[in-house]
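Notes follow once the structure below has been shown.
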Amino acid sequence: MKTVIVSMSADSIDAEQIEAAAKVIQRGGLVAFPTETVYGLGGNAFDPGAAKKIYAAKGRPSDNPLIVHIAGAEDLFRIAKDVPKEARILAEKLWPGPLTMILNKKEDLPKETTGGLDTVAIRCPSDPVARELIRRSGGFIAAPSANLSGRPSTTRAEHVIRDMDGRVDMIIASDDSRIGLESTIVDLTVSPAAILRPGYYSAQLISELLKETVVSAETAADPDAAPKAPGMKYRHYAPKAELVVITGDREQTVAAINEKIRESQKAGKKAAVICLEETAKRYDCPDVFPLGCAGDEEMIAHRLFDVLRKTDETKADIIYSEAFETPNLGSAIMNRLRKAAGGRIIAADGSPSD
Ligand code: TXA
Ligand code: MG
């Protein structure tokens, strides 16, 4: 398929190109578009055929439901039923923005969009290009992250072009995603509400707004229970090389990673390192990727997926990453890093690690 690539920045929206993109969505085609979290791969949420095309373009299993993107909170009533007061509170306080709510779906929203579920994930993004596209194309765009299944999410136009050129009708190449991690997902069909995926908005903030303690699916008692967000069970965010995360205090971590680099080099393997700006010069390795300074967790989050993709260009066989347990975004950052590592987490001091 020939993909049309158009460029525009959020502060210079090209109305004609957005109109062309909206037409693509209306006639059942696919458009990759920017959002403040990560780029999305969009199709008409009311068109079962569009959902099938999205699964095919991503190479994603079709039991993995899509998020429906809306341009204004009031549109949530068109696709969700039994909307609880918690949804109204979160919509008022956190939309437009990086929050997805799970609610019971209305009957006429196709099951192809929701992966066969009776619930629907809904998000109202803040990115101006996304909002304009959603509004002009009819108000309901189903979109997963615009990456090939299993690969790191796309936070820059060049990532989207790399993964989606030839697979979609149009790509809107825009600014880098401001946040760089996917939205927080909160399930409001259960009580108390549950966080299914940590993101920019923390469980603590959502608990404060709802005046109840929301539970986190990650800390749920039975880790082997069927995951509530079906997408969370698949291999995710993976760079091409094996990724290992080392936890521990800074000195121990630097020493442990340097030791691992030496072992890898002896075994003839090329190593790369993902770390803080502060420790970048301390690694005996040519391929070191600092994410940001220890105090700048927004930068660490913003750069994570880009750096996971950049490590591919080094042809590394193995990547060692520091852990980033930062105060607010730490759980979201570490959730992505743990998945990218396929669970390979090692404590720097050799103690058992979970
Ligand atoms: O920030 C984001 O949320 C981005 C941008 C494009 O909006 N989208 C995104 O979509 O991350 P995706 O498809 O990559 O991840 C959506 C997650 C999946 O893990 C999926 O299983 C879960 O949301 N999900 C979707 N609908 C659900 C539902 N009805 N119940 C439970 N989980 C659901
Ligand atoms: Mg995704």
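Throughout, read-outs are computed from the coordinates displayed, never taken from laboratory work. Please read all numbers here as calculations on a predicted model, not as lab measurements. Note that each Cβ is placed from the backbone with ideal geometry, even for glycine, and that neighbours are counted across all protein chains shown.
Counting alpha carbon pairs within less than 8 Å and at least 6 residues apart, what relative contact order, in whole percent, applies to the chain?
Result for the chain is 19 percent.
Measuring from label point to label point, each 7 Å out along Cα→Cβ, what is the residue 315 to residue 23 span in nm?
For residue 315 paired with residue 23, the spin-label model returns 4.5 nm.
What fraction of the DSSP beta bridges in the chain is antiparallel, stated in percent and rounded to the nearest 5?
40 percent
Once amide H atoms are built 1.01 Å from N in the peptide plane, which residues 5 or more positions from residue 197, or in another chain, come under 5 Å H to H?
185
Counting DSSP beta bridges with both partners in the stretch 38-187, what percentage is antiparallel, nearest 5?
Here the share of antiparallel DSSP bridges comes out near 65 percent.
Set the Förster distance to 25 Å, then compute FRET efficiency between residue 13 and residue 328 from the Cβ-Cβ distance, nearest 0.05.
0.20
Using Cβ contacts closer than 10 Å as the measure, can you line up 89, 141 from fewest to most?
Ascending number of Cβ neighbours within 10 Å: 89, 141.
Quick check on my link table: of 270/339; 260/310; 58/211; 2/339, which ones sit more than 28 Å apart, alpha carbon to alpha carbon?
Cα-Cα > 28 Å for 58/211; 2/339; rest within.
Filter the trypsin sites (Lys or Arg not before Pro) in the stretch 41-108 down to the DSSP loop ones having no more than 14 other Cβ atoms within 10 Å, then list what survives.
106
What is the spread of the Cα atoms of the chain along each of their three principal axes, largest first, in whole Å?
The principal-axis extents, from largest down, are 59, 48, 34 Å.
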